[in-house]
Amino acid sequence: MAILEARSLTKRFGAVTAVDGLDLAVGRAEVVGLLGPNGAGKSTTLHMLLGLITPDEGSVTMFGKDLHRNRVEVLSRINFAASYVDLPGTLHVQEVLEVFADLYAVDRPAAKVAALLDLLELGPLRRRKVMELSSGQRTRVQLAKALLNEPDLLILDEPTANLDPDAGDRIRTLLVRLAREEGRAMLITSHNMPEVERMCDRIHFMAEGRIVASGSAAELAASFEADDLEAVFLKVARG
Amino acid sequence: MTTTLPPLATLPPLGARARGRRVLGVVRRDFAALRRSPIRMFEIVFWPTVELVLWGFVTLFLQTQKVPFAVGFLLGAVLLWQVLQKASNEISIAFLEDIWSRNLLNVQVSPLSSVEYLIGLMVFSLGKVAFAVAVMSALCLALYGFGVTAMGLGLVPFMALLLVMGWSLGLVGIAAVLRFGENAQVIAWSLVFVAQPLTGIFYPVSVLPAPLQTVAHLIPGTYVFEGMRTVLNGGAVPWGDLALAALLDVVYLGISLAVFGWALRYARAHGKLSRFGE
Ligand SMILES: Nc1ncnc2c1ncn2[C@@H]1O[C@H](COP(=O)(O)OP(=O)(O)O)[C@@H](O)[C@H]1O
Ligand SMILES: [Mg+2]
């Protein structure tokens with residue numbers, strides 16, 4: 001059964017139709033990738049799934065419940081991280097996690113925060129201010145925040161966009177581990193094709209607000225007669 | 001074979017304990033931000049002190065000019081005005097801080113409801129106002145020998161009424177930012193100053209032209225500042241007026257909550273939440 005089901009989602013900003021009648025589902029423990037050129041409508045889609053943007057048309061159902069009518073319940077079972085958000089910079093890493101442990105009403109928060117500091121190798125940084133950290137370290141803090149409530153669905157918008165190859169690879173390895181070992185479902189956008197190939201069970205290509213191609217990395221490569229996902233991307237993006 | 005379900009990672013989200021924790025999270029965040037920012041600690045006492053010293057000396061000067069004027073009038077006014085201004089601005093600051101630190105989306109995608117969020121902001125602003133009032137009261141006594149207890153029993157309702165009025169103004173300020181974007185910060189800061197000349201802080205409302213007097217009597221603060229002068233002149237606490245002010249407070253708080261809700265829905269409908277800071 002799908003834990004996330006979006007039906008005919010549509011969002012217009014003035015004359016721009018950012019998302020156009022999009023259907024999307026994510027199954028338990030499934031990692032789904034959303035690809036497409038800048039402006040394709042990926043972030044708008046994710047934001048509608050998170051309740052940040054109200055769709056003009058369509059519905060979002062998670063865990064069998066309508067998002068808009070069950071906001072608190074649904075949001076407490078999912079989480080989010082993105083390259084364009086940050087955590088309160090003046091707070092210490094541990095404080096930030098304690099704050100969000102409260103906002104997600106995490107049971108036994110002290111143990112959870114300690115475990116995540118450990119998992120993300122943030123122990124030595126726990127008394128450092130977030131704004132003093134490197135982007136790679138900040139991304140790890142964001143992921144720790146995103147894992148506090150042991151989300152059944154993790155929504156990630158270009159999580160590795162600001163990272164150098166080394167930091168990016170560390171995050172990717174961690175995400176793969178979370179997906180494979182903990183069976184955490186994810187919906188992820190990225191412009192890093194090897195990352196998507198490595199992580200995603202299923203991929204949707206978006207262009208101008210619509211899904212124009214779907215399948216596993218191998219299926220997409222085969223159907224577009226391309227060597228890899230990168231080549232698929234170029235074919236899709238250039239029509 | 002029995003299968004054991006993994007323990008739930010979070011408290012039941014709609015339960016009272018979870019709600020309490022989420023409110024606590026907002027308070028904890030603001031407290032930690034304050035603790036980590038010495039400038040903001042400094043600010044809590046800086047402006048009240050400056051105003052107090054300034055108006056205290058004005059009073060002393062007026063007295064040397066044989067103007068019959070109770071020391072308490074201006075000092076009490078400055079103190080109560082700070083309650084109003086801080087209640088309003090602290091709420092806006094806490095919200096704007098999320099925008100400045102690009103943390104707004106993290107808060108908005110958490111299960112925190114708007115009501116819980118606002119309660120958290122109010123609780124925290126209450127703490128800061130209480131602290132500032134304590135500092136100012138001590139200064140009043142030390143510098144000018146004016147004890148705020150001269151306002152008697154009225155002091156508690158005076159402050160409570162101004163606090164709630166300040167929260168309403170702060171909410172409208174936040175709503176303006178949600179509706180018009182970050183540039184509307186100016187509105188968030190200045191709204192409370194619109195009330196300043198109208199609410200009879202430093203002079204009785206009777207000096208205002210008649211139409212403005214009517215406006216003044218629609219502002220809860222007016223009854224507080226008039227009441228303060230009555231009490232300092234040796235009169236009784238005007239409970240009837242304060243009850244009217246409380247009624248007005250409730251009405252305005254209701255209206256500003258509605259305005260906030262409307263602005264938040266607007267921001268969600270127009271994709272504004274993710275556009276702050278760009
Ligand atoms: N809040 C907004 N207001 C106006 N236009 C927007 C807003 N958000 C996105 N858009 C527009 O919608 C389209 C899709 O944007 P977005 O979802 O951010 O794409 P992607 O994440 O795939 O790069 C773009 O044309 C973008 O300019
Ligand atoms: Mg995007």
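The values are calculated or read from the model by the stated rules, or taken from the named source; none is laboratory data. Everything numeric in this text was worked out from a predicted model, so none of it was measured. Virtual Cβ from ideal backbone geometry, glycine too; neighbours counted across all protein chains shown.
For the subset of the range A:79-91 comprising residues that are within 7 Å of another protein chain (Cβ to nearest Cβ) and of a type outside the set (A, V, I, L, M), which member is farthest from A:K42 (Cα to Cα)?
The selected residue is A:T90.
Is it true that some residue in the range A:212-219 is aliphatic (A, V, I, L, M), under 26 Å from A:T17 (Cα atoms) and assigned to a loop (DSSP other than H, G, I, E, B)?
No: zero hits.
Per-residue answers, yes or no, for (1) within 14 Å of another protein chain (Cβ to nearest Cβ); (2) under 20 Å from B:E97 (Cα atoms); (3) within 16 Å of ligand 1 (Cβ to nearest atom):
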{"residue": "B:L169", "(1), (2), (3)": "no, yes, no"}
{"residue": "B:G173", "(1), (2), (3)": "no, yes, no"}
{"residue": "B:A184", "(1), (2), (3)": "no, yes, no"}
{"residue": "B:F193", "(1), (2), (3)": "no, no, no"}
{"residue": "B:L198", "(1), (2), (3)": "no, no, no"}
{"residue": "B:V205", "(1), (2), (3)": "no, no, no"}
{"residue": "B:P209", "(1), (2), (3)": "no, no, no"}
{"residue": "B:M228", "(1), (2), (3)": "no, no, no"}
{"residue": "B:L264", "(1), (2), (3)": "yes, yes, yes"}
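Please list, ordered by residue number, the helices (runs of 4 or more DSSP H) wholly in the range B:168-242 having 2 or more residues that are under 19 Å from B:S92 (Cα atoms).
Where helices (runs of 4 or more DSSP H) fall fully within the range B:168-242 and carry at least 2 residues being under 19 Å from B:S92 (Cα atoms), they are B:185-198.
Specify which of the listed residues (B:G145, B:G221, B:G181) is of a type outside the set (S, T, N, Q) and surrounded by fewer than 13 Cβ atoms within 10 Å (Cβ to Cβ).
B:G145
Listed here are the residues, each with its yes/no results for (1) within 15 Å of ligand 1 (Cβ to nearest atom); (2) closer than 15 Å to B:R268 by Cβ; (3) surrounded by 15 or more Cβ atoms within 10 Å (Cβ to Cβ); (4) of a type in the set (A, V, I, L, M).
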{"site": "A:A2", "(1), (2), (3), (4)": "no, no, yes, yes"}
{"site": "A:D20", "(1), (2), (3), (4)": "yes, no, yes, no"}
{"site": "A:D23", "(1), (2), (3), (4)": "no, no, no, no"}
{"site": "A:G41", "(1), (2), (3), (4)": "yes, no, yes, no"}
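Name every residue in the range A:30-78 that is more than 10 Å from chain B (Cβ to nearest Cβ) and in contact with a helix residue (DSSP H, G or I) (Cβ under 7 Å, 6 or more places away or on another chain), in order of residue number.
Of everything in the range A:30-78, those that are more than 10 Å from chain B (Cβ to nearest Cβ) and in contact with a helix residue (DSSP H, G or I) (Cβ under 7 Å, 6 or more places away or on another chain) turn out to be A:V31, A:G33, A:L34, A:L35, A:G36, A:P37, A:V60, A:M62, A:F63, A:K65, A:L67.
Here's the yes/no breakdown for (1) touching a helix residue (DSSP H, G or I) at 6+ places or on another chain (Cβ under 8 Å); (2) outside any loop (DSSP other than H, G, I, E, B); (3) buried (at least 19 other Cβ atoms within 10 Å of the Cβ); (4) within 14 Å of chain A (Cβ to nearest Cβ):
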| site | (1), (2), (3), (4) |
| --- | --- |
| B:I93 | no, yes, yes, yes |
| B:Y117 | yes, yes, yes, yes |
| B:G120 | yes, yes, yes, yes |
| B:L126 | yes, yes, no, no |
| B:A132 | yes, yes, yes, no |
| B:V135 | yes, yes, no, no |
| B:L162 | yes, yes, yes, no |
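Name the pairs: first residue in the range A:187-208 and among the aromatic types (F, W, Y), second residue within 14 Å of ligand 2 (Cβ to nearest atom), Cβ to Cβ under 8 Å, at least 6 apart or on different chains?
As it stands, the answer is A:F205/A:L35; A:F205/A:G36, since those pairs meet every condition given.
Table: residues versus (1) away from ligand 1 (no atom under 16 Å from the Cβ); (2) surrounded by fewer than 16 Cβ atoms within 10 Å (Cβ to Cβ).
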site: A:A6; (1), (2): no, no
site: A:A15; (1), (2): no, yes
site: A:R28; (1), (2): yes, yes
site: A:L35; (1), (2): no, no
site: A:L87; (1), (2): yes, no
site: A:V99; (1), (2): yes, no
site: A:D107; (1), (2): yes, no
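Out of all the residues in the range A:22-38, which are among the hydrophobic types (A, V, I, L, M, F, W, C) and more than 15 Å from the chain's Cα centre (by Cα)?
A:L22
List pairs: first in the range B:34-50 and without any contact (Cβ under 8 Å) to a residue 60 or more places away in the chain, second surrounded by 14 or more Cβ atoms within 10 Å (Cβ to Cβ) and outside any helix (DSSP H, G or I), Cβ under 8 Å, 6+ apart or cross-chain?
Matching pairs, first to second residue: B:R36/A:T90; B:R36/A:L91; B:R36/A:H92; B:R36/A:K129; B:S37/A:T90.
Can you name the residue in the range A:94-111 that is farther than 19 Å from B:W100 by Cβ and more than 7 Å from chain B (Cβ to nearest Cβ) and, of all such residues, is modelled with the lowest pLDDT?
By that ranking, first place goes to A:R108.
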